[in-house]
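The values are calculated or read from the model by the stated rules, or taken from the named source; none is laboratory data. Note that the coordinates shown come from a computational prediction; the quantities given were computed from them, not determined experimentally. Quick reminder, even Gly has a Cβ in these numbers, built from the backbone with ideal geometry, and neighbours come from all protein chains shown.
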Amino acid sequence: MTRSAIELKAEAKNLNFYYGPVHALKNINMPIERRKVTALIGPSGCGKTTFLRCFNRMHDLYPHNRYEGEIILYPDKINIISPEIDPIEIRMQISMVFQKPNPFPKSIYENVAYGLRVRGISRKGILDEAVEKSLRGAALWEEVKGRLNSLAVDLSGGQQQRLCIARALATGPRILLFDEPTSALDPTATSKIEELIIELKNEVTIIIVTHNMQQAARVSDYTAFMYLGEIIEFDKTDKIFTAPSNRLTEEYITGRFG
Amino acid sequence: MEDIKKRIKNIKLWNGIFSIVSLLSTFVGLVLLFALMTDLFMDGAPRISYKFFTSFPSRFPEEAGILSAWVGTLLLILVTAFAAIPLGVAAGIYLEEYAGKNWFTDIIEINIANLAGVPSIIYGLLALGIFVYFFKFGESVLTGGLALALLILPMVIMATREAIRAVPNSIREASYAVGATKWQTVKWHIIPYSTGGILTGIIIGLSRAIGETAPIITVGALTFIAFLPASPVSTEFPFISFKWLLDPFTVMPIQIFNWVSRPQQGFHVNAAAAGIVLLVMTLFMNAAAIYIRYRFRKKIKW
């Protein structure tokens with residue numbers, strides 16, 4: 001893979017992460033290409049979610065967590081995990097969609113508008129426009145446009161997850177993080193989310209953690225296979241799934257372990 | 001085989017015995033409560049009238065009423081609420097959302113848990129020392145209200161923490177993930193979603209405060225008051241007066257205690273009637289707490 005050909009959005013350099021005494025991520029080096037989908041796969045406990053949550057500093061919410069190394073965000077070349085950088089500044093640019101749909105117990109409208117309200121925007125015209133644009137972006141607008149003021153928790157699971165995507169999109173993020181976004185959804189809702197992810201990469205860089213190897217193969221351009229806190233192999237998705245160069249990767253994707 | 005059957009029979013016997021014992025224990029409580037209530041109502045109900053609520057205490061049992069007592073209770077609870085709610089809720093929010101997990105927080109937590117178990121008369125002594133002698137608030141509504149506020153503060157803090165802990169962590173993460181600050185998360189999510197639980201705790205705390213006697217006697221509430229505290233509204237600018245805060249007062253439980261300790265039968269009837277009023281007051285507050293909890297449970301789903 002020639003490095004110069006790709007346009008970087010972010011890059012992890014010698015990233016280490018510790019939960020108290022537990023060394024959870026070990027010397028991670030990995031590029032994230034702009035407007036592409038990068039998938040993180042690996043067995044449970046391999047550190048893929050831990051890695052993902054470094055990108056928007058979610059680990060800062062809990063005590064005794066420690067980062068070492070760098071995650072450089074391009075084009076500004078700031079180090080995301082530097083203690084001098086306010087995590088709020090990072091989260092305003094890098095949003096996240098979680099494993100279980102977690103809409104607020106508020107209206108559909110307020111859920112999507114939340115990110116803007118957090119930034120102090122309250123002009124109805126701006127909010128209305130952003131809510132519609134984000135709901136369209138999350139392929140949910142047609143289903144909910146007549147009932148924006150009804151409660152978000154009354155939507156189906158798949159709709160709730162798309163609402164959470166709309167909420168993450170509303171503030172125009174530069175990177176969108178997905179943490180196993182379909183693990184709580186049925187196959188129909190899952191395929192809708194997958195289509196959406198492929199659609200979204202035209203506008204935003206995406207990193208997705210998934211347990212489901214078919215899903216990684218379907219939606220991603222790059223795949224990283226992680227094991228015991230290390231990146232075992234990182235390459236173009238086609239290459240990883242057809243001709244992996246590492247024996248562990250091959251055993252994992254053929255289902256022999258994990 | 002026979003052996004196993006015998007053993008099962010034996011175990012089942014104990015099962016039956018225990019269920020009967022627990023049923024009887026439950027009934028003892030229920031029957032006692034019912035008997036007490038009936039007795040109280042039989043004695044006091046005929047005495048309750050409009051005049052009973054609008055008369056001051058008197059030397060003659062048939063002319064005596066509970067005006068100064070229920071007004072005193074109401075004003076006291078007002079002071080208690082104004083002091084205990086902001087302090088308790090803020091402390092609860094701090095401990096759940098802001099405080100780090102360290103030895104300092106641990107000490108605060110142990111202290112609050114212990115405070116909840118301190119006998120109420122100790123709070124009375126504390127209030128006597130601090131509010132009466134040190135701050136010179138006198139034996140006033142303010143002193144009494146603050147004493148009760150101290151008493152229910154641990155309850156309010158615990159109820160607030162309990163309610164906040166019921167908010168799922170996924171909601172917090174969802175809020176932080178779009179770049180919200182701690183205060184924005186608390187203001188837009190934590191407080192609104194835990195209001196039901198917090199209000200319930202507050203009301204139960206206040207209804208406990210209504211019935212407290214010991215700390216109020218300690219800070220020097222009078223047992224015989226034939227006047228009302230100054231009116232909180234006046235006809236002159238600025239129309240609101242806080243003079244009542246420093247007036248002497250009495251409260252329902254003290255009035256009841258005073259009447260019971262008199263030899264005349266007529267006063268005992270008065271005590272029973274005042275007891276009914278006090279009971280109804282606390283029942284109403286508890287009912288309000290249950291209703292609020294029900295309303296909020298229905299409104300907030302995760």
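Below is a table of values for the structure above.
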{"quantity": "Selection count, the stretch B:128-171, where residues are among the hydrophobic types (A, V, I, L, M, F, W, C), under 13 Å from B:ILE216 (Cβ atoms) and in contact with a Ser or Thr (Cβ under 6 Å, 6 or more places away or on another chain)", "calculated": "6"}
{"quantity": "Inter-residue pairs, beta-carbon under 7 Å, first within 12 Å of chain B (Cβ to nearest Cβ) and more than 19 Å from A:ARG91 (Cβ to Cβ) and in the stretch A:105-127, second basic (Lys, Arg) and part of a loop (DSSP other than H, G, I, E, B), 6+ apart", "calculated": "A:PRO105/B:LYS301"}
{"quantity": "Helices (runs of 4 or more DSSP H) within the stretch B:198-302 that include 1 or more residues more than 28 Å from B:ILE157 (Cα to Cα) and modelled with pLDDT of 90 or more", "calculated": "B:252-260, B:265-299"}
{"quantity": "Hits in the stretch A:217-240 (condition: assigned to a strand (DSSP E or B) and farther than 29 Å from A:PRO21 by Cα)", "calculated": "A:TYR222, A:ASP235, A:LYS236"}
{"quantity": "Criterion: outside any loop (DSSP other than H, G, I, E, B) and out of contact with any helix residue (DSSP H, G or I) (no Cβ under 7 Å at 6 or more places or on another chain) - qualifying residue of A:SER191, A:SER245", "calculated": "A:SER191"}
{"quantity": "Breaking point among (1) touching a residue at least 24 places away in the same chain (Cβ under 8 Å); (2) surrounded by 15 or more Cβ atoms within 10 Å (Cβ to Cβ), for B:ALA174", "calculated": "(1)"}
{"quantity": "Residues of the stretch B:151-165 classified as surrounded by 24 or more Cβ atoms within 10 Å (Cβ to Cβ) and either out of contact with any Gly (no Cβ under 8 Å at 6 or more places or on another chain) or free of Cβ contacts under 8 Å to residues at least 24 places away in the same chain (or both), total", "calculated": "1"}
{"quantity": "Residues of the stretch B:177-211 satisfying the condition of being buried (at least 17 other Cβ atoms within 10 Å of the Cβ) and closer than 25 Å to B:THR54 by Cβ", "calculated": "B:LEU206, B:SER207, B:ALA209, B:ILE210"}
{"quantity": "Boolean, A:SER134 is in a helix (DSSP H, G or I) and of a type in the set (S, T, N, Q)", "calculated": "yes"}
{"quantity": "Filter result for B:VAL251 (touching a residue at least 24 places away in the same chain (Cβ under 8 Å), farther than 26 Å from B:GLY88 by Cβ and of a type in the set (A, V, I, L, M, F, W, C))", "calculated": "no"}
{"quantity": "Set A:LEU177, A:LEU155: member being in contact with a helix residue (DSSP H, G or I) (Cβ under 7 Å, 6 or more places away or on another chain), among the hydrophobic types (A, V, I, L, M, F, W, C), buried (at least 24 other Cβ atoms within 10 Å of the Cβ) and within 14 Å of another protein chain (Cβ to nearest Cβ)", "calculated": "A:LEU177"}
{"quantity": "Failed item, numbered, when A:ASN202 is tested on (1) in the same structural domain as A:THR254 (by TED's automatic domain parsing); (2) over 30 Å from A:ASN27 (Cβ atoms); (3) free of Cβ contacts under 8 Å to residues at least 60 places away in the same chain", "calculated": "(3)"}
{"quantity": "Considering residues of the stretch A:94-104 that are in a loop (DSSP other than H, G, I, E, B) and more than 20 Å from A:VAL131 (Cβ to Cβ) only, the residue farthest from the other protein chains (Cβ to nearest Cβ)", "calculated": "A:GLN99"}
{"quantity": "Total residues in the stretch B:12-38, condition without any contact (Cβ under 8 Å) to a residue 40 or more places away in the chain and within 20 Å of B:LEU278 (Cβ to Cβ)", "calculated": "6"}
{"quantity": "Selection status of B:ALA69, closer than 18 Å to B:THR250 by Cα and either at pLDDT below 90 or under 26 Å from the mean Cα position of the chain (by Cα) (or both)", "calculated": "yes"}
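One line per residue, one yes/no per condition, for (1) under 30 Å from A:MET96 (Cβ atoms); (2) under 23 Å from the mean Cα position of the chain (by Cα); (3) assigned by TED's automatic domain parsing to the domain that holds B:THR213:
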{"site": "B:LEU87", "(1), (2), (3)": "no, yes, yes"}
{"site": "B:ILE108", "(1), (2), (3)": "no, yes, yes"}
{"site": "B:LEU115", "(1), (2), (3)": "no, yes, yes"}
{"site": "B:PRO119", "(1), (2), (3)": "no, yes, yes"}
{"site": "B:TYR133", "(1), (2), (3)": "no, no, yes"}
{"site": "B:LEU142", "(1), (2), (3)": "no, yes, yes"}
{"site": "B:ILE157", "(1), (2), (3)": "no, yes, yes"}
{"site": "B:ILE191", "(1), (2), (3)": "yes, yes, yes"}
